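Asks: First, the structure itself, so that you have it in front of you.
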Amino acid sequence: MNTSTRFREYDPDQLLLLPADLRAWLPSNHVAYFILDLVRDLDLSSFYESYDGSLGGQPPYDPRMMVSLLLFAYSQGITSSRKMEHATYDSVAFRVLCLNQHPDHDTISTFRQRHLEALSGMFPEVLQKCRKADLVRLGHVAVDGTKVKANASKHKAMSYGRMKKKLSELEADVRRYFQETEATDKSEDALYGKGKRGDEPAPGWEAGKGRQEKIRAALAELEAEAQAEYPAKQAAYKEKVKKRKRRKGPGRKPKPPSRKPDSKKQRNFTDSDSRIMVSGGTYVQAYNCQAAVDEKTQIILAADVTQDANDKNQAVSMVEQIRTNTGEKPKCLTADTGYYNQNQIDQLQSQGIETYIATKKHRHGDPIPICPRGPIPKAATTKERMARKLLTIKGRCTYAKRKQIVEPVFGQIKELRRFNRFSFRELKKVTAEWNLICLTHNLLKLYRMNWQPKAA
């Protein structure tokens, strides 16, 4: 091809294509360099102390490199250990972080599982760095929850009533298997082959037995849970009866609680700690993930995971976590109607925290009610007082900020960083992974504020 145009030199067979200095591979302000510097500034003593050098064998990868790899991967929305391994080959940023080392996915997965609690425990340390960078104000804090899918299918769940029925069916199957085995004793050689006694259970018995054990364990767990919840339910029932007696006119009598589990209550055989919850109008096997977010900077001040589908018992515990993590309490707290609980509100207000929690849902487009004039009646209930406070100019302005504080945080985590399903199972491990997710969120906030670690 004849052309007079001069092109830049391009030779794929050239021996050296990349610079010798790794730091020349990425822009100087890249988040990978920030994470490298931040990890140098973190206390990793618990990671190093877990290794025993006297055992010999191949030297392990440096924990500093592995922590940097995991923090950067989670900040980029990569939670799969296999994708992390591929990235150490395909991504320049990962090559820089790992200094051209390539831990395989088994090594990454083992390190993450082994040190999950320590990784999660870095959340308060990173939060303290956010405080030093003046990113934590504790003026107005918004609390909210979001459902994150468990590492389990909802189709692997079974209700208490179905378990009872299925267990009876399996027990009948086992009896039938043994009866069939006894009936075929005379033809054992033809049926079972040479060397078999002929009295072995029929095929499928072992599978049925394993299924029985799982169902029995789930039944026992549900029944123990029902027994533990009974005193609280009984007390609530007695309180309802008292209110019913004081109230005049017709009405439905309160139903006394049972010591047995609800027949519709379910357990999942893959992750028994997860629960069926409604998310986006559909039922999913999930956990309820909580976050308390600072108004000014959207820093996550507290994070937790609960098995409860609703949020009504979470506000106080989130404030306690804020106090533990920062040494202070928020001046003001907002939450949606899912958090409305009179007892919780009383506890928050007794601590001097200005509380704005919606008493009921308002459909989009509905006109906002006008706040009544005059003082609040002395006989008004806690709920009526809260509803009145939310209708004031201050109340409306404060509560209106709630969505723009906390919901963008969940959007960044679930949409931008694609965290929609946990990698782990069991409540303890899931909670640790959620803390790791929230930690990386705060880490990215530090990066965008151009905060410089000491080790930089």
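Asks: In this model, which of LYS296/LYS383; LYS147/LYS401; LYS240/LYS428; LYS149/LYS312; LYS149/LYS253; LYS132/LYS296 are farther than 26 Å apart at the alpha-carbon? Let's see the in-between values first.
Replies: Numbers: LYS296/LYS383 29 Å; LYS147/LYS401 22 Å; LYS240/LYS428 35 Å; LYS149/LYS312 20 Å; LYS149/LYS253 38 Å; LYS132/LYS296 15 Å.
Flagged as over cut-off: LYS296/LYS383; LYS240/LYS428; LYS149/LYS253.
Asks: Given H placed on each backbone N at 1.01 Å, which residues far from ALA302 in sequence or on other chains put an amide H within less than 5 Å of it?
Replies: Sorted by chain and number, the residues that satisfy this are ALA292.
Asks: May I pose another question? Return the loop-located GluC sites (Glu not before Pro) in the stretch 263-372 (DSSP other than H, G, I, E, B) with at most 16 other Cβ atoms within 10 Å of their own Cβ; answer none if there are none. Before the final figure, lay out each step's value.
Replies: Working: sites: GLU295, GLU320, GLU328, GLU354; in loops: GLU295, GLU328.
Passing sites in the stretch 263-372 are GLU328.
Asks: Hey, rough spin-label estimate for GLN404 and GLU328, points 7 angstrom out along Cα→Cβ, what's it come to in nanometres?
Replies: It is 2.2 nm.
Asks: Now for a separate question. Using θ = phi - 60° and the Karplus form 6.51 cos²θ - 1.76 cosθ + 1.60, what ³J(HN,Hα) does each residue of the stretch 286-297 get, whole Hz, x for Gly and Pro?
Replies: In residue order, the calculated couplings are 8, 10, 9, 9, 9, 8, 10, 10, 6, 5, 5, 10 Hz.
Asks: How many nm separate the modelled label positions at LYS255 and LYS428, each set 7 Å beyond the Cα in the direction of the Cβ?
Replies: 3.6
Asks: Let me ask something else about it. For TYR61, project a label point 7 Å along Cα to C-beta. Then give me every residue of the stretch 403-434 with its amide nitrogen under 19 Å of that point.
Replies: Residues passing the 19 Å test: 423-424, 433.
Asks: What is the gain in length, in nm to one decimal, between HIS30 and THR382 on full extension, counting 0.36 nm per residue of separation less the C-alpha to C-alpha distance?
Replies: Details: separation 352, 0.36 × 352 = 126.72 nm, distance 5.13 nm.
Contour length minus the Cα-Cα distance gives 121.6 nm.
Asks: Grab the Cα-Cα distance for ASN343 and ASP134, subtract it from 0.36 nm times how many residues apart they are, and report the gain in nm with one decimal.
Replies: Numbers: separation 209, 0.36 × 209 = 75.24 nm, distance 3.33 nm.
Here the segment from ASN343 to ASP134 would lengthen by 71.9 nm.
Asks: Next up: Could you go through the stretch 385-394 in sequence order and give the Karplus-derived ³J(HN,Hα) for each residue, using 6.51 cos²θ - 1.76 cosθ + 1.60 with θ = phi - 60°, rounded to whole Hz, and x for Gly and Pro?
Replies: With the stated coefficients, the stretch 385-394 comes to 5, 5, 4, 5, 5, 6, 8, 5, 4, 4 Hz.
Asks: Run the simple label-point estimate for ARG363 and ARG448 please: 7 Å along Cα→C-beta, distance reported in nm.
Replies: Label at ARG363, label at ARG448, 3.5 nm between them.
Asks: Next up: If you take the alpha carbon radius of gyration of the stretch 22-114 and divide it by 2.2 N^0.38 Å, what ratio comes out, to two decimals?
Replies: Values: Rg = 13.3 Å, N = 93, 2.2 N^0.38 = 12.3 Å.
The stretch 22-114 yields a ratio of 1.08.
Asks: Suppose R0 equals 22 Å; then what is the FRET efficiency for SER80 and GLN307 from their Cβ-Cβ distance, rounded to the nearest 0.05? Write out the running numbers ahead of the final one.
Replies: Numbers: r = 25 Å, r/R0 = 1.14.
Calculated transfer efficiency: 0.30.
Every number in this text was worked out from the coordinates using simple rules, so none of it is lab data. Bear in mind that the values here come from a model prediction, so they are computed numbers and not experimental data. We place every Cβ from the backbone using ideal geometry, glycine too, and count neighbours over all the protein chains shown.
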